[in-house]
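S.K.: Here it is, the structure, as structure tokens.
The values are calculated or read from the model by the stated rules, or taken from the named source; none is laboratory data. Every value quoted in this text rests on a predicted model; they were computed, and no experiment measured them. Cβ placement follows ideal geometry from the backbone for every residue including glycine, while neighbour counts extend to all protein chains displayed. What goes into the accessible areas is simple: the full protein's heavy atoms, side chains included, and nothing from ligands, DNA or RNA. Shrake-Rupley method; radii C 1.70, N 1.55, O 1.52, S 1.80 Å.
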Amino acid sequence: TEELKNMYGTFNNQKQTNDVIVARVSVLYDVLNDLALDGKLVPFSQGEVPLAYDHLSYARKGDLIIMDRAYTSFNLAYRMQQQGIDFLCRCKHTFSNQVKAFYESGKLQEIIEIKPKQNKSFKDLPYKPESTIQVRMLRIELSSGEIEILMTSLTDSKKYPHEEFADLYFKRWKVETFYNKFKNIIGVENFSGTSHQFIQQEFNCALYM
């Protein structure tokens, strides 16, 4: 419907003559208790990281949030640090010069300081260009031989030994199995109504189930 096109936006599908309406789903998922703590169905134009900001209101001090590399950013890390929320995320080798240097060093772990990207406006941001965050970088060698780089706020190497992080990060896989169940078993995409309100209601019912 035109209402849904205007609300969510469209994606040009080359196999069809009409544009397909698409939306973005973001969920904060408790991998230990198999619970969706918060979920949002929003216009596709909204990015993953800004949606993660909203999820933080459902996290508490001392929680650990595990994220894929799409979420690795100074902005999100800073916000979690301010709330006392710990994080563990996969990190691109090219995230920053310091991360690249760590990757090339061959070290198993190192504590570094990261800072925000300087090529943007800092207006309305909760930090300054010179702000920094201390993080711990970890090198994980997978069974395939691939090297995985992780970034975490858990800097105490005695309390959180390096050898625990491969299994810890793997717990994030339950997020992927949740989305598979959400789409293919519960069938969240099979809406029976066509209005925006009806779709939001059915989305939240599916999330609850």
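S.K.: Could you say which residue among 190, 204, 184 is touching a residue at least 24 places away in the same chain (Cβ under 8 Å), over 29 Å from residue 91 (Cα atoms) and open to solvent by 50 Å² or more (accessible area, probe 1.4 Å)?
M.R.: Testing whether each residue is touching a residue at least 24 places away in the same chain (Cβ under 8 Å), over 29 Å from residue 91 (Cα atoms) and open to solvent by 50 Å² or more (accessible area, probe 1.4 Å) leaves just 204.
S.K.: A further question follows. If you take the residues of the stretch 104-124 that are within 22 Å of the chain's Cα centre (by Cα) and surrounded by 15 or more Cβ atoms within 10 Å (Cβ to Cβ), which of them is farthest from residue 153 (Cα to Cα)?
M.R.: 116
S.K.: Checking residue 9 against (1) closer than 22 Å to residue 153 by Cβ; (2) in contact with a Phe, Trp or Tyr (Cβ under 6 Å, 6 or more places away or on another chain): exactly one of these is not met. Which one?
M.R.: Exception for residue 9: condition (1).
S.K.: Out of curiosity, is residue 179 aromatic (Phe, Trp, Tyr), open to solvent by 50 Å² or more (accessible area, probe 1.4 Å) and either outside any helix (DSSP H, G or I) or within 30 Å of residue 108 (Cα to Cα) (or both)?
M.R.: Against the criterion (aromatic (Phe, Trp, Tyr), open to solvent by 50 Å² or more (accessible area, probe 1.4 Å) and either outside any helix (DSSP H, G or I) or within 30 Å of residue 108 (Cα to Cα) (or both)), residue 179 does not qualify.
S.K.: Among the residues of the stretch 112-143, write down those that are in contact (Cβ under 8 Å) with a residue 12 or more places away in the chain and among the small types (Gly, Ala, Ser).
M.R.: Within the stretch 112-143, just 131 meets the criteria.
S.K.: Does residue 132 fit the bill of being open to solvent by less than 40 Å² (accessible area, probe 1.4 Å), more than 30 Å from residue 20 (Cα to Cα) and not basic (Lys, Arg)?
M.R.: no
S.K.: Follow-up question, since we're still on this one. For the list (1) open to solvent by 40 Å² or more (accessible area, probe 1.4 Å); (2) basic (Lys, Arg); (3) not in a helix (DSSP H, G or I), I need the number of the one condition that residue 139 fails.
M.R.: The failed condition is (1).
Residue by residue, here is whether (1) within 24 Å of residue 80 (Cβ to Cβ); (2) open to solvent by 70 Å² or more (accessible area, probe 1.4 Å); (3) in a helix (DSSP H, G or I); (4) free of Cβ contacts under 8 Å to residues at least 40 places away in the same chain holds:
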| position | (1), (2), (3), (4) |
| --- | --- |
| 145 | no, no, no, yes |
| 165 | yes, no, yes, no |
| 174 | yes, yes, yes, no |
| 197 | no, yes, yes, yes |
